[in-house]
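To start, the structure under review is shown below, and the notes come after it.
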Amino acid sequence: MSNWDDTFKGYATYTGSGYVGGAALLDPIPADMKITALNPFQYNFKGVKAAMAGAYLRVRGPKGQTIVYVTDLYPEGASGALDLSPNAFREIGNMADGKIDIQWKVIEAPISRNLKYRIKEGSSQCWAAIQIRNHKFPIVKLEYSKGGQWINLEKMNYNHFVGTDFGNQPLHIRITDIRGVQVVDTISALPDHVEAVLSVADPVAIVTAVADPLVSIMFVADPVAIVTSVADPVAIVTSVADPVAIVTSVADPVAIVTSVADPVAIVTSVADPVAIVTSVADPVAIVTSVADPVAIVTSVADPVAIVTSVADPVAIVTSVADPVAIVTSVADPVAIVTSVADPVVNVTTVV
């Protein structure tokens, strides 16, 4: 197997892409910089995702040599292949050829600045993606210290190291480059989760992007703040596989429903609205805590199910200011009365 400091042989093509939105997410990149996309065999060197992202390469071709910065992935490239920016290709070959033979080698970055850390948008104490820039050689490993141990962070295809449960203290980190050289440093504590959600353009994406969206909500001191701080609170509830779990996983499920401008929307926007009501310890509270309790009952496909699915159906009817409205607002009022164990109670409690 090849070593990182070998001289690699292959071919080069050229492209105008890689300056914005390249796989390595190294924007912004100066428009006159010589850059390249790298084939997946060396880009993900020895199985480390994006191992060569941000590397500097000395490339030799028929007309001479140039130095390029790795900003993107060349997915269809064979081992050794580069997809150079036009200004780099022009220095080592004829543009008319379109494809030339090359050889290249990883070199020390021609920079003098200190290491720089980019914390991805939406990162927080419970989930974060950290990118390292201004490194002399490609970075293949990042760890942070917790409880006297070094915790490894997985490097992702998009050139960030990802981890969870960082805590609220400054992070003591250990960086390892492709040579095996290590640097220890400290970075500021990450923001709490509510701050992270509020800081991005699409807060729903922060909650739903993780494997277990409930973790995003349950990890914070004020789960209701996650739901109510976005423009469309219903989207937080309905964007996950199990919307009921969002409501029932917090200490005060009623707060999730009643804290938004349109509580009915929370209940009715899911596939099984009855489940929202019946899954909490006090289903009646869900119905009676909103300005228009009748709306909760009548807005679902089967209003009778809302009433009959709780331990005390009569409580649903009698707990509102106008119990008759509950009964008469549905298509089949008789069903509301007769669906309970003792229909007489349903009638006599509202008179």
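For the reader, a short list of remarks on this structure follows.
- Among the residues making up the range 72-82, a single one is part of a strand (DSSP E or B) and farther than 18 Å from residue 21 by Cβ: 82.
- Where a residue in the range 10-23 is free of Cβ contacts under 8 Å to residues at least 40 places away in the same chain and its partner, wherever it lies, is part of a loop (DSSP other than H, G, I, E, B), with Cβ under 6 Å and at least six apart: 20/27
- Between 154, 121, 143, the distinction of being assigned to a loop (DSSP other than H, G, I, E, B) and either more than 15 Å from the chain's Cα centre (by Cα) or of a type in the set (Asp, Glu) (or both) belongs to 121 only.
- Matching residues in the range 102-133 - criterion: being free of Cβ contacts under 8 Å to residues at least 24 places away in the same chain and closer than 17 Å to residue 178 by Cα: none
Listed here are the residues, each with its yes/no results for (1) in contact (Cβ under 8 Å) with a residue 40 or more places away in the chain; (2) in a helix (DSSP H, G or I); (3) among the aliphatic types (A, V, I, L, M).
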residue	(1), (2), (3)
5	yes, no, no
28	no, no, no
58	yes, no, no
70	yes, no, yes
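- Positions within the range 83-107 being over 14 Å from residue 37 (Cα atoms), open to solvent by less than 20 Å² (accessible area, probe 1.4 Å), among the hydrophobic types (A, V, I, L, M, F, W, C) and not in a strand (DSSP E or B), in sequence order: 92
- Conditions (1) closer than 19 Å to residue 44 by Cα; (2) open to solvent by 10 Å² or more (accessible area, probe 1.4 Å); number of the one not met by residue 150: (1)
Residue by residue, here is whether (1) at pLDDT 95 or above; (2) in a strand (DSSP E or B); (3) open to solvent by 40 Å² or more (accessible area, probe 1.4 Å); (4) in contact with a His (Cβ under 8 Å, 6 or more places away or on another chain) holds:
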{"site": "111", "(1), (2), (3), (4)": "no, no, no, no"}
{"site": "128", "(1), (2), (3), (4)": "no, yes, no, no"}
{"site": "135", "(1), (2), (3), (4)": "yes, no, no, no"}
{"site": "159", "(1), (2), (3), (4)": "yes, no, no, no"}
{"site": "168", "(1), (2), (3), (4)": "no, no, yes, no"}
{"site": "172", "(1), (2), (3), (4)": "yes, yes, yes, no"}
{"site": "176", "(1), (2), (3), (4)": "yes, yes, no, no"}
{"site": "180", "(1), (2), (3), (4)": "yes, no, yes, no"}
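- The number of residues in the range 138-147 being open to solvent by less than 20 Å² (accessible area, probe 1.4 Å) and either hydrophobic (A, V, I, L, M, F, W, C) or in contact with a Pro (Cβ under 9 Å, 6 or more places away or on another chain) (or both) comes to 2.
- Residue 36 being within 20 Å of residue 179 (Cβ to Cβ) and in contact (Cβ under 8 Å) with a residue 24 or more places away in the chain: no
- Given (1) open to solvent by 70 Å² or more (accessible area, probe 1.4 Å); (2) in a loop (DSSP other than H, G, I, E, B); (3) of a type in the set (A, V, I, L, M, F, W, C); (4) modelled with pLDDT of 95 or more, index of the condition residue 53 fails: (1)
- Taking the range 17-46 as the range and being closer than 15 Å to residue 73 by Cβ and open to solvent by 70 Å² or more (accessible area, probe 1.4 Å) as the test, the residues that pass are 20, 41.
- Residues that are polar (S, T, N, Q) and closer than 26 Å to residue 131 by Cβ do occur in the range 86-94, at least one of them.
- The range 63-74, subset within 23 Å of residue 96 (Cα to Cα) and touching a helix residue (DSSP H, G or I) at 6+ places or on another chain (Cβ under 6 Å), residue surrounded by the fewest Cβ atoms within 10 Å (Cβ to Cβ): 64
The values are calculated or read from the model by the stated rules, or taken from the named source; none is laboratory data. Nothing here was measured: the structure is a model prediction, and the numbers come from that model. Because the Cβ atoms are built from the backbone with ideal geometry, glycine has one as well, and the counts that use them run over all protein chains shown. Heavy atoms of the whole protein, side chains included, go into the accessibility calculation; ligands, DNA and RNA do not. Shrake-Rupley method; radii C 1.70, N 1.55, O 1.52, S 1.80 Å.
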